[in-house]
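One structure is given below, encoded as structure tokens.
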Amino acid sequence: MAHRIIRDADGREWQVWETYPTGTRLAVSPGYADGWLSFGRVVEPGGADPAQYRLAPIPSGWATLPEQDLLQLLAQAKAVPHRDPRAERPR
């Protein structure tokens with residue numbers, strides 16, 4: 001699986017990778033059943049929560065696109081709501 005690191009105009013680094021849903025417990029939003037391109041902001045340890053975005057469907061050939069094209073895809077991607085991992089623990 002391809003993995004890229006890009007840098008936006010503000011100098012922030014973003015990781016880019018493909019994500020595919022697995023398992024039967026995962027609820028997948030409409031349009032994301034065949035996977036999506038994930039964008040995660042790289043944050044130093046102890047920094048703010050990293051921003052996460054996703055884009056579906058996965059663009060063909062994304063792994064070889066120039067960085068500027070990937071930044072345009074990031075601009076089109078939808079923000080992933082932040083989840084509190086403590087709220088998802090079994091009781």
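Structure data summary
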{"read-out": "Cross-chain or 6+ apart pairs with Cβ under 6 Å, the stretch 47-73 first and of a type in the set (D, E), then modelled with pLDDT of 95 or more", "value": "E67/I6"}
{"read-out": "Test: residue in the stretch 79-89 that is at pLDDT 95 or above, out of contact with any Leu (no Cβ under 7 Å at 6 or more places or on another chain) and under 19 Å from P21 (Cα atoms)", "value": "no"}
{"read-out": "Tally of residues being exposed (fewer than 12 other Cβ atoms within 10 Å of the Cβ) and hydrophobic (A, V, I, L, M, F, W, C) across the stretch 11-44", "value": "2"}
{"read-out": "Selection count, the stretch 4-19, where residues are under 16 Å from S60 (Cα atoms) and either over 11 Å from the mean Cα position of the chain (by Cα) or among the basic types (K, R) (or both)", "value": "1"}
{"read-out": "Matching residues, the stretch 52-84, being of a type in the set (G, A, S) and either at positive phi or surrounded by fewer than 12 Cβ atoms within 10 Å (Cβ to Cβ) (or both)", "value": "S60, G61, A75, A79"}
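The values are calculated or read from the model by the stated rules, or taken from the named source; none is laboratory data. On a predicted model such as this, the values are computed, not experimentally measured, just so you know. Counting neighbours? That spans all protein chains shown, and the Cβs are built from the backbone with ideal geometry, glycine included.
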